[in-house]
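**Q** Have a look at this one.
No value in this document is a laboratory result; all are computed from the given coordinates. Everything numeric in this text was worked out from a predicted model, so none of it was measured. Don't worry about glycine lacking a Cβ; one is built from the backbone with ideal geometry, like all the others, and counts go over all protein chains shown.
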Amino acid sequence: MTVRGAEKLREELKRLKSVERPRIVEAISVAREHGDLSENAEYHAAKEQQSFNEGRITELETRLAQAEVIDPTKIQSHKVVFGATVTVTDMEAGEEATYQIVGVDEANLDQGMISITSPMARGMIGKEEGDRIQVNAPGGIRRFEIVEIHYR
């Protein structure tokens, strides 16, 4: 994942531990004060939230521990690799688009960030400026030309 992606996961992890966890513990404590736990919907809902929160914390800790964090600004390549920001031209429509190839957790098409596992990214990996690629998209095969490659 990129440095930015790792930072976003760290921020989420910090929020879950320092904000959500204490809030849920307080909700469980308040619900316990209402008496019989077997029929206490507030208590069961709070425990369910706690379970979800702790599961997400574990998931984030595992992802961060196993992640290889790559800083795209330190990459020097004339080929498309993970972290590259690539401008392409759709050969049929003539429209330009720019995408950054990022990890699965970071992908956000609205921000131009595509997952390394996406058909578009897989088609671009290893290519150079001026190369043409074919992408098997849901609407059929689309053809693109790589116009520019940046590492920022």
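**Q** Please report the antiparallel percentage of the DSSP beta bridges confined to the chain, to the nearest 5. Mind showing how you got there, number by number?
**A** On the way: 19 of 23 bridges.
Antiparallel bridges: around 85 percent, rounded to the nearest 5.
**Q** Can you tell me the relative contact order of segment 74-144? Whole percent, Cα pairs under 8 Å, sequence separation 6 or more.
**A** Relative contact order comes out at 28 percent.
**Q** Would you please give the FRET efficiency between ASN136 and THR98, computed as 1/(1 + (r/R0)^6) with r the Cβ-Cβ distance and R0 = 25 Å, to the nearest 0.05?
**A** Computed FRET efficiency for ASN136 and THR98: 0.75.
**Q** Report the calculated FRET efficiency for HIS150 and THR58 (r = Cβ-Cβ distance, R0 = 30 Å), to the nearest 0.05. Before the final figure, lay out each step's value.
**A** Numbers: r = 36 Å, r/R0 = 1.20.
Step by step, r from the Cβ atoms, then E = 0.25.
**Q** While we're here: I'd like to compare 136-143, 115-122, 63-70: which one has the highest average count of other Cβ atoms within 10 Å, and what's the full order after that? Please report the intermediate quantities before stating the final value.
**A** Numbers: 136-143: 10.6, 115-122: 17.1, 63-70: 12.4.
Packing order, densest peptide first, comes out as 115-122, 63-70, 136-143.
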